[in-house]
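Structure record follows, encoded as structure tokens.
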Amino acid sequence: MDRPLVSLSDEQLAAQIEAAWAGEADAAAVEEALARLDEGRCRVAAKGADGLWSVQGWLHRAILLYFRQAPMQVHELGPYQFHDKIPLKRDLAAQGVRLVPPGVIRYGAHVERGCVVMPGYVNIGAYVGAGSMVDTWATVGSCAQIGKGVHLSGGVGIGGVLEPPGASPVIIEDGAFIGSRCIVVEGVRVGEEAVLGANVVLTASTQIVDVRGPEEVVHKMVVPPRAVVIPGTRLKRFPAGEYGVPCALIIGERQESTDRKTSLNSVLREFAVAV
């Protein structure tokens, strides 16, 4: 691919994308932005030295512009044929990524060395950190940010976001374990080394209730680091009566350990967490 803008700084490229979004067509700038996402040179969201995450809305806009300008094409890789605007990621062996058929990593997603993607799906704009596992039928939505050493178990659904540009993506921080059939959407952030038991559902409105102390502490949008979380319900009154609505319960804490795998297995046994 010809990349005449490869020498531009991210700030210069962002300015060109913003101008294109305002109506000044610039296919080369859009192509360069997607190439940087694919290579991991740019990320839709990144964690600063202060521990806070910042979102780069111009990269959302670049992806949306790419969808506008890219034609539908037939893409063939081995025995597989696709008809889409976005090609599949290539050169996985050189990047040290294991992708098991019929798993899919779309161009514009970056997957670091040592990752394993089983027959799952990683969408455009997503970032998956080194050594992470995307297990069978797990999906990583557009622009989602997955940390290093994360395990997304079978059937996990990590939501994506492209609009509105600048909206916070789902963030799974380093070392977290997401149990089977969990759903994490709408910009929820799961802290480092947290453990979600099977079937936990986290949305922007889900109450995440810490029940470890004498009084509950309710969180929204954020699972604290090393928290052990299971599905729960709490009663809510409606005109027709009182019903149980879903919530998530923090029932314990994953202890720090030099051997994180041993620590994880221990905490799963201790709290009888289904994964």
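Any read-out appearing in this document is the output of simple, stated calculations on the displayed coordinates, not a laboratory observation. Just so it is clear, the model here is predicted, and its values are computed rather than measured. Glycine gets a Cβ as well: all are built from the backbone with ideal geometry, and neighbour counts include every protein chain shown.
Using a 10 Å cut-off on Cβ atoms, rank the peptides 123-132, 47-56 from the highest mean neighbour count down.
Per-residue mean Cβ counts within 10 Å order the peptides as 123-132, 47-56.
So how do 176-184, 65-73 stack up, highest first, on mean other-Cβ count within 10 Å?
Those peptides, ordered most packed to least, come out 176-184, 65-73.
Note the full-extension length gain between His219 and Tyr243 as 0.36 nm times their separation in residues minus their Cα-Cα distance, in nm to one decimal.
In short, 6.5 nm is gained.
Using a cut-off of 19 Å between alpha-carbon atoms, which aspartates and glutamates can reach Lys236, once sequence neighbours fewer than 8 places away in the same chain are excluded?
Correct list for Lys236: Asp210, Glu215, Glu216.
Please work out the C-alpha center-to-center distance from region 221-238 to region 72-147 and express it in whole Å.
Spelled out, the Cα-based centre of one part sits 31 Å from the other.
Of the candidates Glu192, Glu18, Glu173, which one comes out as most mobile in a Gaussian network treatment of the chain with C-alpha springs shorter than 10 Å?
It is Glu18.
How many nm is it between the label spots at Ser7 and Asp50, if each spot is 7 Å from the Cα in line with the beta carbon?
3.5
Relative to the longest principal Cα axis of the chain, at what angle does helix 10-21 sit, 0 to 90 degrees, rounded to 10?
Roughly 80 degrees, rounded to the nearest 10.
Give the cross-link partners of Lys47 among the lysines, using a straight C-alpha distance below 26 Å as the criterion and excluding same-chain residues fewer than 8 apart.
Here the lysines satisfying the reach criterion relative to Lys47 are Lys89, Lys148, Lys220, Lys261.
Would you tally the net charge around Lys89, using a Cβ to Cβ cut-off of less than 10 Å, leaving Lys89 out, and scoring K and R as +1, D and E as -1?
0
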